[in-house]
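So the structure is just underneath, and the comments pick up after that.
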């Protein structure tokens, strides 16, 4: 009897290179498309150069400039020129500054059902809205995919989420994913792929699905998958791309390893309180909380409808004068439609501050809130300090809640507005389509010189893993440490994304308060003494962004070992890719017996696939840690990281 497969299984089966697609087993898949953005793309391009790549091997690779848009000095515009030259040389499509946020723009112009997409951005999973297998990863993994290498991962469990009914008035797609975060928290999706099915899916537009798929990253999920159905076809036809449509649906009676049901009719407006996407409560419970900012936009709510509903709510009204009403159109196409349909004028008349199309305040590039004041945002994340304000207070909500609250000057349940007096209709197809800049023809590409500004550094050469690893604990950290806490984002830090020596100075700024000097100073002093260091952490270490700087910068300062109760998927892989050993505590209570300045040591030859390693602690009893590594990952570590491993492998082949 033929197995009745879900959509995820069909996608993996069509792209499997090696391994058994059984949960927990390492597999390799082919990658059809890649996505990079400017906060990660510079390191990717430097990696391609170091590999001697002539031309990308994917069906399509796209580079977006959407994060580092502020041009307060030479660094960002210089890097934009570098990225443009690298795209021309290596064969990538380029979306220059102002084109829009990568995820919705990719969905508008390039995404194709049934394809795989690997992106150097954790929210790449948004493309699952089109029936793609879209996975966020570190830039080094994406560079390898561009070079024609398969992508390796542990096969996740498939978590089927059945949707039934339809969304009530004033409840939208953001509330669906906030409901899952309310139930399961920020680690609830680790080791899983979310696949949505059921009668309720048909009532969600393609961009509604994008909202839900995008924030699968906040659950820690590997990917989110929707079927490619009649709604997918309608969206692609509206974009003038109906020829790209491929039907891809689960078989009748398809099985899932985990199952859950969300009754859409039963949902109500929800909000995530500071400072975690998993800190979710009903809006009615916090109604009346004053706000200083209402922020609409970002990859989490990027569609025309998300802005149109806000424009209708504020039409003919004025937002509270104490509120900064920030509107961030996500693509040129969306901005054009808002202007063409007259909705941009409604927003401006209500008091909106219109910003350029890009990530902007979501990544801390401007629009930072005042100290000690509440900012209500439609962005995907509210990790501490991510907004650009060190002591921020960011809440996450739907566009409906953000607009109602902007008018009230305080958090307001949009149901208090009464029955909806408007209906957002899909406008006629957009006449405006933003065109990507194509690469140079392959025959000319070799002659394209990379444009290097003074801020472009070199990739470090990392040493192989020593036989006897000894590392002193530098920091002891709590649960759910985010990559924004390891290395901040924002206008102050990200312009140094291609200058590793400088960006390393911002590592662990908050935890550094526990040290006698800033982390980077202590780490460099220890390095001069020949002392490597370790970090001890709790659960879900490294949640959040895919930025590999969060692994590479500490590694350049001598980090060789992270011991934690559990790791976020992307950051764990980034650590391995740069030669840092991630060990999982076999007994979580061991963490209480360890302290800063303890020296941890073990023989790295004892590291074995999915084995146990005994770690000695100077002056204390040894403890056991899990070496949750595949044979390939062990090879990467022993070589000193993925780049060294690839170079040695190519050298063996050439020899």
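The values are calculated or read from the model by the stated rules, or taken from the named source; none is laboratory data. Since the model is a prediction, treat every value here as computed from it, not as a measurement. Methodologically, a virtual Cβ is constructed for each residue, glycine included, from the backbone with ideal geometry; neighbour enumeration extends over all protein chains shown.
Some points to look at:
- Residue in the range 510-539 that is surrounded by the fewest Cβ atoms within 10 Å (Cβ to Cβ), counting only those that are more than 22 Å from residue 466 (Cβ to Cβ) and out of contact with any strand residue (DSSP E or B) (no Cβ under 8 Å at 6 or more places or on another chain): 516
- Here residue 70 meets the list (1) buried (at least 22 other Cβ atoms within 10 Å of the Cβ); (2) in a loop (DSSP other than H, G, I, E, B); (3) at pLDDT below 95 almost entirely, failing just condition (1).
- Qualifying residue in the range 427-445 (condition: touching a helix residue (DSSP H, G or I) at 6+ places or on another chain (Cβ under 7 Å) and more than 30 Å from residue 92 (Cβ to Cβ)): yes
Table: residues versus (1) surrounded by fewer than 22 Cβ atoms within 10 Å (Cβ to Cβ); (2) more than 16 Å from residue 34 (Cα to Cα).
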site: 103; (1), (2): no, no
site: 107; (1), (2): no, no
site: 115; (1), (2): no, no
site: 119; (1), (2): no, no
site: 138; (1), (2): no, no
site: 143; (1), (2): no, no
site: 148; (1), (2): yes, no
site: 152; (1), (2): yes, no
site: 157; (1), (2): yes, yes
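- In the range 85-102, of all residues being touching a strand residue (DSSP E or B) at 6+ places or on another chain (Cβ under 6 Å) and assigned to a helix (DSSP H, G or I), the one that is nearest to residue 329 (Cα to Cα) corresponds to 102.
- Members of the range 276-304 found to be surrounded by fewer than 20 Cβ atoms within 10 Å (Cβ to Cβ) and under 26 Å from the mean Cα position of the chain (by Cα), listed by number: 279, 281, 282
- When residues of the range 633-655 are limited to those that are outside any loop (DSSP other than H, G, I, E, B) and more than 17 Å from residue 465 (Cα to Cα), the one modelled with the highest pLDDT: 650
- Which listed residue, of 598, 603, is over 31 Å from the mean Cα position of the chain (by Cα), farther than 25 Å from residue 147 by Cβ and at pLDDT below 95: 603
- Residue ID - nearest to residue 216 (Cα to Cα), chosen from residues in the range 555-572 that are touching a helix residue (DSSP H, G or I) at 6+ places or on another chain (Cβ under 7 Å) and in a helix (DSSP H, G or I): 570
- Failed criterion for residue 424 (all others in (1) under 28 Å from the mean Cα position of the chain (by Cα); (2) more than 24 Å from residue 85 (Cβ to Cβ); (3) surrounded by 13 or more Cβ atoms within 10 Å (Cβ to Cβ) hold): (1)
- Which numbered condition residue 28 fails, given (1) within 28 Å of residue 550 (Cβ to Cβ); (2) over 22 Å from the mean Cα position of the chain (by Cα); (3) surrounded by fewer than 19 Cβ atoms within 10 Å (Cβ to Cβ): (2)
- Restricting attention to the range 393-414, the residues that are surrounded by fewer than 24 Cβ atoms within 10 Å (Cβ to Cβ) and either in a loop (DSSP other than H, G, I, E, B) or not assigned by TED's automatic domain parsing to the domain that holds residue 301 (or both) add up to 2.
- Filtered residues of the range 439-475 (kept if part of a strand (DSSP E or B) and buried (at least 18 other Cβ atoms within 10 Å of the Cβ)): 469, 471, 472, 473, 474, 475
Yes/no matrix, rows are residues, columns are (1) assigned to a helix (DSSP H, G or I); (2) modelled with pLDDT of 95 or more:
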| position | (1), (2) |
| --- | --- |
| 5 | no, yes |
| 11 | yes, yes |
| 31 | no, yes |
| 34 | no, yes |
| 42 | yes, no |
| 49 | yes, no |
| 53 | no, no |
| 56 | no, yes |
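- Being under 30 Å from residue 62 (Cα atoms) and in contact (Cβ under 8 Å) with a residue 40 or more places away in the chain holds for only one residue in 413, 484, 480, 463, and it is 484.
- Checked against the criterion of being surrounded by fewer than 22 Cβ atoms within 10 Å (Cβ to Cβ), outside the structural domain of residue 187 (by TED's automatic domain parsing) and free of Cβ contacts under 8 Å to residues at least 12 places away in the same chain, the candidates 614, 589, 601, 605 yield just one match: 589.
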